[in-house]
Structures are given as structure tokens and as C-alpha cells.
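Chemist: Below you'll find the structure I mean.
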Amino acid sequence: MKAVIQRVSRASVGVAGKTIGQIDAGMVILLGVHQTDSREDALYLAKKIAGLRIFEDAEGKMNLNLSEISGRALVISQFTLYANTRKGRRPSFIEAALAEQAESLYQFFIQSLESESVPVEKGIFGAMMTVKIVNEGPVTIIIDSEDRHKPRE
């Protein structure tokens, strides 16, 4: 499971011209689900992201997490994070989970994030969405649940 996290001052998601979710200070989380992912991957990412210290403290250092700034998360499903572009010019999405598995893990990730005391807004799984992001910093971080299996350097 991959998450692209952006620190934002505000963000929103819309479907068919109607805003369905919006936040002020917080994170936009673009979430991709791989065909081999499990609930363990979703739980790992939720805990990691909830504790991620990417917000500035009084001294201007990235030292605070979402809860410490009373921030919110906007979670958007994004199967294109598993685009394979090694061959040709048209991306292949064969590594992305099928819709049923992906939606189940997307919903479980959101529940897990909420259980970490993170208020969540979300998009609509599988819908064509318009996402508006005001990235602060800019701060953009990619976390892959597979990294938990790699030895620390």
C-alpha cells in the first residue's frame, strides 16, 4: 500500500461539480492499494501517518503531528499510484488491487486513521474526482507499507 502525503493549508474533493469533502490545515493522503496488500498494511500506514511529525512547532521545526495541530486528513483513493510505466507509453495498472479488495482496504485504512484520533474527510471510491490542494512548504512524502519489511539503514 502506498500513500502520498501532502501537508496542506486547505484542500477539497468534488464529484460532478459538488464538493463532498474539505479540510483546512492537515494532510491530503492519496492512497493506492496493491493486489498483495492486507489489513496489516492499512493499519501500519494509518499508525505511521497519524504520528508523522511534519507540522511546524513554535520554533519552525517539523515536530508536530496531525493531532497536535488539531488537523484533519482528506483521504483519496488513487489506484494510479501503482502505474507500471516500464514498457511502452501507456501505463499498466495490473499491480493495483481489484476494486472490491481495494475499496475494502481503503475503508479499513480510514477507520484505522480515525481510531488514531484523526478526523477524516474522504472522496468517493472509484469516482472521477476533482481534488484541490494548497500544499504548504511544499511538503510531500511517500510512504510504502512494504518499507516496514526492509532493514533500517
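Chemist: Taking the stretch 18-58 on its own, how many of its residues are surrounded by fewer than 16 Cβ atoms within 10 Å (Cβ to Cβ) and either at pLDDT below 95 or within 17 Å of residue 105 (Cβ to Cβ) (or both)?
Modeler: Qualifying residue count, the stretch 18-58: 6.
Chemist: Now a separate question. Could you please find all residues in the stretch 19-55 being in a strand (DSSP E or B) and within 19 Å of residue 142 (Cα to Cα)?
Modeler: From the stretch 19-55, those in a strand (DSSP E or B) are 19-23, 26-32, 34, 55; that's our starting set.
26, 27, 28, 29, 30, 31, 32, 34, 55, listed by residue number.
Chemist: Something else about it: So which residues in the stretch 95-150 are in contact with a strand residue (DSSP E or B) (Cβ under 8 Å, 6 or more places away or on another chain), over 12 Å from residue 1 (Cβ atoms) and among the charged types (D, E, K, R)?
Modeler: 103, 114, 121, 122, 132, 136
Chemist: Out of the residues in the stretch 63-82 that are surrounded by fewer than 16 Cβ atoms within 10 Å (Cβ to Cβ) and small (Gly, Ala, Ser), which is farthest from residue 35 (Cα to Cα)?
Modeler: Of the residues in the stretch 63-82, the ones surrounded by fewer than 16 Cβ atoms within 10 Å (Cβ to Cβ) are 63, 67-70, 80.
Next, from what is left, pick out any that are small (Gly, Ala, Ser): 67, 70.
On the way: 67: 31, 70: 34 Å.
By that ranking, first place goes to 70.
Chemist: If you don't mind, another one. If you take the residues in the stretch 45-65 that are of a type in the set (A, V, I, L, M) and within 20 Å of residue 144 (Cβ to Cβ), which one is farthest from the chain's Cα centre (by Cα)? Step through it out loud before you land on a result.
Modeler: So in the stretch 45-65, the residues of a type in the set (A, V, I, L, M) come out as 45-46, 49-50, 52, 54, 58, 62, 64.
With within 20 Å of residue 144 (Cβ to Cβ) added as a condition, the list becomes 45-46, 49-50, 52, 54.
On the way: 45: 9, 46: 9, 49: 8, 50: 11, 52: 12, 54: 14 Å.
The qualifying residue farthest from the chain's Cα centre (by Cα) is 54.
Chemist: Also: From 117, 112, which residue is assigned to a helix (DSSP H, G or I) and either basic (Lys, Arg) or more than 20 Å from residue 19 (Cβ to Cβ) (or both)?
Modeler: 112
The values are calculated or read from the model by the stated rules, or taken from the named source; none is laboratory data. All values derive from a computational prediction rather than experimental measurement. Here Cβ is always computed from backbone atoms with ideal geometry, including for glycine, and neighbour counts include all displayed protein chains.
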